Number of protein chains: 2
Amino acid sequence: MSTASRVVNPGPRQANGLETATMIWDKSHEWKLRSTCSVWSEKDRKVAVYECIEEHTSAPGNADAYLKFKADGCCTMRCGTLSHSSVRQDRAGLPLDLSRIARNPSHGMESSIPTLESIENAAAVLSASPIHRTPVLTSESLSALAPDGTTLLFKAENLQKGGAFKIRGATYAVSKLSPSELAKGVITHSSGNHAQALAIAAKAKGAKAYIVMPETSAVIKKNATKGYGAEVILSPPLAEDRERVCEEVRQRTGAYFIPPYDHYDIITGQGTAVLEMITQAKELGKPLDALVVQVGGGGLLAGSSIVAKAHGIPIYAAEPELADDCFRGFESGTRVERVSTTTVADGLRTPVGVRNFDIIRKNVEGVITVSERQIVMAQKLVWERMKMVIEPSAAVGVAVVLFSEKWKSSGITGNVGVLWSGGNVDLDAPMSWTVIKG
Amino acid sequence: MSTASRVVNPGPRQANGLETATMIWDKSHEWKLRSTCSVWSEKDRKVAVYECIEEHTSAPGNADAYLKFKADGCCTMRCGTLSHSSVRQDRAGLPLDLSRIARNPSHGMESSIPTLESIENAAAVLSASPIHRTPVLTSESLSALAPDGTTLLFKAENLQKGGAFKIRGATYAVSKLSPSELAKGVITHSSGNHAQALAIAAKAKGAKAYIVMPETSAVIKKNATKGYGAEVILSPPLAEDRERVCEEVRQRTGAYFIPPYDHYDIITGQGTAVLEMITQAKELGKPLDALVVQVGGGGLLAGSSIVAKAHGIPIYAAEPELADDCFRGFESGTRVERVSTTTVADGLRTPVGVRNFDIIRKNVEGVITVSERQIVMAQKLVWERMKMVIEPSAAVGVAVVLFSEKWKSSGITGNVGVLWSGGNVDLDAPMSWTVIKG
C-alpha cells in the first residue's frame, strides 16, 4: 500500500466508547492494521464500528478504491461514495445517543448548516432516484419585456415529479430514515406541494405518509396527495393549527416528522435545483449573472442561496407584498414569526423558518416584493408565451424581473436565472388573472 | 479533372430555347467545356442558364466542391446545396413560361407530390431558419391511461415559433418566393395558426402579410397576428366567404397567395415535424411503432403520412366527431367538400384539401373520431399532468389514444407518437373543460 498524508486512527474515544466518528470517505488517510473507525450510517440511522483488516490508504473520490474493514457481518465498503450497503449493526451493541450524534457536524440527520459540498452530495443521492433533471428554458419574448440586456433563464420545476421542486427535499430527507422508522411512516403539514412530494417520496420507499393539509388547499393538491397513497388529514388554515393537528397524529402513529422547510435536510435537498441550473446555464452558453428565487418558508431560497453564494452569483428573494414577512425580517434583522395572508401565491403563505432565515440573511442580496396583479400578469405571460402551466407562487420571481421598479433600478442585467417552483393549479377554478384585476 | 459517370450535357432543347433543366446538384456528371445547363432558381423564381467554363466533374453532396460556370454576372455556384446566390438573370432574356416549368416535376413551386426526399430537403431549408426543433416529451402518468403496453410520445409543436406547427409550411413556402413577389407581399385566409405563421415568415423576409381571418377566431390569435406586423382583414366564418374576401384583397394588392393547407409546399413543410419526431424518438431509445395525427385541412396529416409511410410506421388520423369530413371521405372514397361545425377544436373546422385528401387516402391506415367531451378531457389532462398549454385541436390525437374504443380495439401498443399541433388558447375565456361537460 502506498504511503499517505497522515494517520488519523485511532482517534480520541467518545463517552459511549466509540472512536470519534470519522468521515472516512472524504479524506485521504493511511489506515493501520486494526485501527478502528465509527461511522454514521445514513441508511440505518445508527453508528457502526469498523476495524481495519489490512494496512492501506483510502483514495477519496475514486469509486474503484475500497477500504477493507472487519466489521460485524461485513468486510468491505466502497470508498469515495456514501453507499454503505454492508453496514449491519453496532459492534458495541449499546443504544446509541442519537441526539448527541445528530449534533455532531459530521454525521446523521440534520447534522449541520448545509454547505455547497453537502448539497452536491445530496444531488448525487437524488440522481439515483426517479427525480427529474428538469430543463432550463429561455424565451426571447419574455426576455424582451425584462430590462434591456437581460436574458431570462427559467428552471422548470413545474415539470418536476409531483409538479414542484419539493420532491427534492422530501426524497433526500426520506433517504436518511432507517427501516424501522420507515415502518412507522412519515408525517408532515403542508399547504400542498410538500404534501405531494412527501407522499411520493414515502411511496417510493414503501412507507405510509400522513399529510396534514389546510382545508383551503387547492382541490387538485388534495386529490393528487391522496392519489399517491397518502392519508390526508384536514386542518384549519393557520400555521399553528396545522402544527397542532400534525403533532396529535404524530404522537398517535409514531410517524417520523419531516417538516416542509425548517430542516437542514430539506434545505439541502431543495438546494440541488439551483445547483443543476448553474450547470445547465453554462451548458447553454449562458452562465448565470444573477438569480431570483421566491420565498415562502424559505427551504428553496435557503438552499439556493448557499449554492449561489459559493458560486459567486448574487441572489435575490422574490416575495408577494401580501406575505412580506421575509422582506420585513430581512430589513429589520429579526425574523417575523407569523404571517396571515390570502396572497394568490398559495405556496408562499407561510412565515420563513428559523434555520431558513439565518441562512437567507447571510447569503441573499435583498428581498423584492411584487403586487398580486403583477404576480398574475407574470403567470399569464408564461402560460401565453411559453405554453407552460406554472402556479402563482412560481410567477413571483418572474414578476420581479418583468415588473419591479426596484429590480429595474438595481441595474442587474445579463443572464438572470428565475426558478419556477411548481405548476400545480386548480384548473377547474377561474384563472387567477381573470379574478385579480389591475 | 477526374473522369465521371456519364455525360449528360448538352441535353434536348425545350421549346423556349433552353436546355432541359437539370438538377445539377444531385447527380454525378462530367461537364464538358461550354456545355450548358438551365437551372430553376427557387429564390428568384426563374430559370438561369449556365455555361461551363472548365471541364470537370460535379461532386454531389460535397459542400466544398464547386461547379464553375460562365453565366451572366456570375461565375461560380456551390454544388451539392440549393444555394444559388450568384444567379442573376435569364441569358435568353425572354419571358419564361413559368406555369409550364412549375408543372415540371424537377423544378419550382409546387412541382409535384411531396416525397420523403423533398420533405428531408425542406427540413434542411428550415434548419437554417429560426424555427425550433421542438422537444419530444413523455409522461408516465398519461401513458398509464392509454392501453396497456403503450408508451406515449408527444411532439410539442405548441412550443414552436408562433405557438404551432404552421410556421414550418409557411416558412418553406415563403422561402421559394422571388424578391419581386416578396415586394408585393403574401396573403392567406386562416382560422388562426397559419395566419400567425405566415405573418412571422413574411416578417422574417421583410415582406408584408395580408391575413383574412374569420370573425370567430380567438382574440389571442387575431392580436398575435397583428403583433407580428400583419394586416388583418376579418371575414364571415364560412370557408367560401373567407376565400372570396381573400381573392378580393389579392387582386387589389397583387400579393402572393399561400393557402393554409391545400398546397404541396405547405404539405412538404409540415411534414418536417414528424420527420424530426421519428429521429428524436430513436434518440430517446423509443422508436415509434405508430403515429396519431389530427386532421383539419390536412396539411400536417398529409405531410406526416408521407414520412410515416416511407419509414414503415402506421399512421392514423384523429378528428372531432363534429367535424368528421375526413372520416366520411375516407370511408366513402370521395372527399367531402364542405364542413360547417362549431367543434371546440377550432383549428380543425376546415374541410380536408384536395391535394391533402389524395395523399391521406393513400397513406393513412384509418380515421378515428372523438367527442367534444373526450377532446377537452384530454386537453385538461395534458395541462394538469404535463404542465403544458395545448389548444383543443392539439388534444384530439391525445383523446384518441386515451379514450377511443376504436383505438383500444385496434390493439396498437408500443411507442405511440402523438403530435400536438399548437398551444394558442384564449386564456381570458373560460377553459374548454369547464364549458363542455360530460
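The values are calculated or read from the model by the stated rules, or taken from the named source; none is laboratory data. Computed from a predicted structure; not experimentally measured. When we count neighbours, we look across all protein chains shown, and the Cβ atoms used for this are built from the backbone with ideal geometry, even at glycine. The accessibility values were calculated without ligands, DNA or RNA, using every heavy atom of the protein model including side chains. Shrake-Rupley method; radii C 1.70, N 1.55, O 1.52, S 1.80 Å.
The order of A:Glu372, A:Glu319 by accessible area, most exposed first and with a 1.4 Å probe, is A:Glu372, A:Glu319. From the alpha carbon centroid of the stretch B:345-375 to that of the stretch A:205-264 is 48 Å. Note: relative contact order over the stretch A:166-257, using C-alpha pairs below 8 Å and six or more positions apart, is 31 percent. 3J(HN,Hα) couplings calculated from phi for the stretch B:150-162 with the Karplus curve 6.51 cos²θ - 1.76 cosθ + 1.60 (θ = phi - 60°) are, in sequence order, 9, 10, 8, 10, 10, 8, 8, 6, 5, 8, 6, 4, x Hz; Gly and Pro show x.
Across identical copies of the chain, B:Lys205 has label-point separations of 6.1 nm, listed in ascending order, with the point defined 7 angstrom from Cα along Cα→Cβ.
Residues A:Ser409, B:Ser112, ordered by accessible area of protein heavy atoms at a 1.4 angstrom probe radius and largest first, appear as A:Ser409, B:Ser112. Inter-copy label distances at A:Phe257, shortest first and taken from points set 7 Å along Cα to Cβ: 7.5 nm. Under the classification rounded if a/c is under 1.5, otherwise prolate if a/b is larger than b/c and oblate if not, where does the stretch B:166-257 fall, given a ≥ b ≥ c as square roots of the Cα gyration tensor eigenvalues? It comes out oblate by the Cα gyration axes. Simple point charges give the picture: +1 on the Cβ of Lys and Arg, -1 on the Cβ of Asp and Glu, and for the stretch B:298-386 a dipole about the Cα centre of about 200 debye. Taking every alpha-carbon pair under 8 Å whose residues sit at least 6 apart, the stretch B:176-324 reaches a relative contact order of 19 percent. In order along the stretch A:129-138, the Karplus-derived 3J(HN,Hα) couplings, from 6.51 cos²θ - 1.76 cosθ + 1.60 at θ = phi - 60°, round to 9, x, 5, 7, 8, 5, x, 9, 10, 10 Hz, and Gly and Pro are given as x. In order along the stretch A:366-382, the Karplus-derived 3J(HN,Hα) couplings, from 6.51 cos²θ - 1.76 cosθ + 1.60 at θ = phi - 60°, round to x, 10, 10, 9, 9, 7, 4, 5, 5, 4, 6, 5, 5, 4, 4, 4, 5 Hz, and Gly and Pro are given as x.
Starting from the label point of A:Ser141 at 7 Å along Cα→Cβ, the same points in the other copies fall at 2.3 nm, in ascending order. Amide H contacts of B:His189 (H built 1.01 Å from N, in plane; Pro and chain starts excluded): B:Val212 sit under 5 Å, all sequence-distant by 5 or more or on other chains.
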